[in-house]
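Report on the structure given below.
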Amino acid sequence: MPQPAWLDDAVFYQIYPQSFCDANGDGIGDIEGIISKLDYIRRTGFNALWLNPCFVSPFKDAGYDVQDYFKVAPRYGTNDDLVRLFDEAHRRNMHVLLDLVPGHTSDRCRWFKMSAKPLRNKYSDRYIWSNSGWSRPDGYNWVVGNADRNGAYMLNFFLSQPALNYGFNNITDADWQISYRDKRVKPTMVAMLKVMRFWLDKGADGFRVDMADSLVKNDPDKSATAWLWRKARRMLDRHYPQAALVSEWCNAPVAINKAGFHCDFLLNHGGKLTDFAFYKRNEQGASCAYFCKTAHVSAQQMLQLYLDELAKTRNNGYICVVSGNHDVERLSHYLDESERKLAFVFLLTLPGAPFVYYGDEIGMRYIAQQSKEGGFHRTGSRTPMQWDDAQPNMGFSTAASGKLYLDVDRQQDAPCVSKQMSNGNSLWNVVRTLAEIRHAQADLHASSEMTVVECTPQGVLCYRRGQHTYVLLNPTDCPQVSTVSVGSKIFELGTASEKDGVTMLAPQTAVIFQK
Ligand code: GLC
Ligand code: CA
């Protein structure tokens, strides 16, 4: 299958628009602010962006409750500002993904208001309704009493997010369930394709697709949902062959091979690589993640399923590992800075396109706090980017500090870009160096092969990318021995030295070398 060529060397940066940079001083981030920081992003080594939803919304779920798919939320700017962001990014050889939310809308969306009318109209089947207000079949989340239409409507996520109707695969109650092949539900995907074309025509380079597996209901093997996405993929292949589709699915063989996504995210799901690498805890609550220096675990479990899924999706698309995102506690909540440096070596040398969540490159903290806009525990990972130590808000905004969308990290030692940039040993410098190395070495690009060369019970891991490039890791706080001889080094954290025919690895060492 054809792939957008730019994905092979893409290193993504995820921007949560409310919290990145406030250009007009109203206390909330905006598109103009993002444009003003493109040079910083590019300089750090990121050449692609994913923007969380920036469309008109009542923000009951931070914008994942879209009210108007065709209009930028005024708090972020205008459609013209977004087009300017595309242009400014393209001028710097960067690409921009928007966030497409296809599974649900806000209950304030015009489609929903029309669907909720008692009189039948062209939107009546756009959402999933039961037969009457009194009928709320088990196994689904219903809302009743919020509209004059005699029926209950199904939710996809929060109370404010009614499920769009893409039909059902297994019909268990023909009274109200419509087949996904029925012409009454076809307009839903047609509408979503129209949204995609609208933004692609304006210069977007593709979409991160929210809850991509959630379209067709009663679809346990996801075959019907995949069938729908293949339609979207055909449209792209025909008209926008350089546009990328990235799914929030976390099941690469299905998302990539069956549904036709170019990329699938690997999030924090239990049993997956990121869980074993960054998050996992034992029954006593202590970290047993591979990159925790005191855990001393083999990389074997971490890699097993990943390598299997990599082999299954080979040549079809990419598994994308993320440093975190707006839904999980930040990486710094789980790993200390020395551990995160090694974690970034891993993240930035894996196949597929890596995604770094804004602020993770400077070690921003998870700050537990009161929920904002449906964030709940996630709010702590959504605080404003810290640019420098200037008052009042660390360079994020000139608004009075009490006027911010969310407060900045006000702790004495809060990390910020300017301090990280001027310190040669900072996390930022490690990330920047790694991104640069990745761009320069075709072996490290998304499509090149990964082969495990050594994986010891003590935690040493060595893998080859492509023909000549190797990554050797000792994430533990103990010296370790590797049988792999190190060729010419292109990156080194800690020390790897050859002695008596073996390689001695100092605690927390990572080397990239070629031979
Ligand atoms: C995805 C988003 C999350 C949102 C949910 C509902 O998981 O990442 O932030 O709340 O979908 O749209
Ligand atoms: Ca603003």
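Using the basic label-point model (7 angstrom from Cα toward the beta carbon), what is the LYS515 to GLU492 distance in nanometres?
Result for the modelled spin labels: 1.4 nm.
What accessible surface, in Å², does a 1.4 Å probe find on VAL502, ignoring ligands, DNA and RNA and rounding to the nearest 10?
40 Å²
Inverting the mean 1/r over all pairs of different Cα atoms, compute the Kirkwood radius of the chain and quote it in Å.
Answer for the chain: a Kirkwood hydrodynamic radius of 24.0 Å.
If exposed GluC sites (Glu not before Pro) are those in a DSSP loop with at most 16 other Cβ within 10 Å, what is the longest stretch of the chain that has none?
Longest gap between qualifying sites, sites excluded: 1-282.
Using 0.36 nm times the number of residues separating ILE171 and ARG197, minus their current alpha carbon distance, what extension gain do you get?
6.2 nm
Excluding ligands, DNA and RNA, what is the solvent-accessible area per residue of segment 449-514 at a probe of 1.4 Å, expressed in Å²?
Accessible surface, normalised per residue, equals 41 Å².
Let me check I've understood the local charge: for PHE158, count other residues with C-beta under 11 angstrom from its C-beta, Lys and Arg +1, Asp and Glu -1. What total comes out?
-3
Per residue, how much accessible area does segment 104-165 have with a 1.4 Å probe, in Å²?
Heavy-atom accessible area per residue stands at 51 Å².
Can you pull the one-decimal nm distance between simple spin-label points at SER298 and LYS403, each 7 Å off the Cα toward Cβ?
Label at SER298, label at LYS403, 5.9 nm between them.
Using the heavy atoms of the protein chains and a 1.4 angstrom probe, tell me the accessible area per residue for segment 212-253 in square angstrom.
With all protein chains present, segment 212-253 gives 36 Å² per residue.
Gain in length, GLU88 to VAL144, computed as 0.36 nm per residue apart minus the alpha-carbon separation, to one decimal in nm?
15.5 nm
Between CYS478 and GLN242, what length in nm is gained on full extension when 0.36 nm per residue of separation is reduced by their alpha carbon distance?
80.3 nm
Where the accessible area of segment 104-165 is counted over protein heavy atoms with a 1.4 Å probe, how much of it, in %, is carbon and sulfur?
49 percent
Quote the Stokes-Einstein diffusion coefficient, in whole µm² s⁻¹, for segment 3-51, based on the Kirkwood radius over alpha carbon pairs, a temperature of 10 °C and a viscosity of 1.306 mPa s.
Taking Rh from Cα pairs, D becomes 137 µm²/s.
Listed here are the pairs LYS122/LYS194; LYS258/LYS372; LYS113/LYS183; LYS186/LYS217; LYS117/LYS231; LYS202/LYS258; which of them are more than 25 Å apart at the Cα?
LYS258/LYS372; LYS117/LYS231; LYS202/LYS258, as the Cα separations exceed 25 Å there.
Please report the orientation-averaged projected area of segment 104-165, defined via the convex hull of its C-alpha atoms, in nm².
Reported value for the Cα convex hull: 3.6 nm².
What does the helix-only formula give at 222 nm for the chain: each DSSP H stretch with n ≥ 4 adding -39500 (n - 2.57), the total divided by the residues, and the result rounded to the nearest 500 deg cm²/dmol?
-6500 deg cm²/dmol
Please state, to two decimals, what the Cα-based radius of gyration of segment 449-514 comes to when divided by 2.2 N^0.38 Å (N = residues).
Normalised by 2.2 N^0.38 Å, the Cα Rg of segment 449-514 equals 0.98.
Compute the distance in nm between two label points, each set 7 Å from the Cα along the Cα-to-Cβ direction, one at ASP308 and one at GLN391.
With each label point 7 Å from Cα toward Cβ, the separation is 5.8 nm.
The values are calculated or read from the model by the stated rules, or taken from the named source; none is laboratory data. Owing to the predicted nature of the structure, the values given are computational and were not obtained by experimental measurement. Note that we place each Cβ from the backbone using ideal geometry, even for glycine, and neighbour counts take in every protein chain shown. Quick note on the areas: whole protein, heavy atoms, side chains included, nothing else; ligands and nucleic acids left out. Shrake-Rupley method; radii C 1.70, N 1.55, O 1.52, S 1.80 Å.
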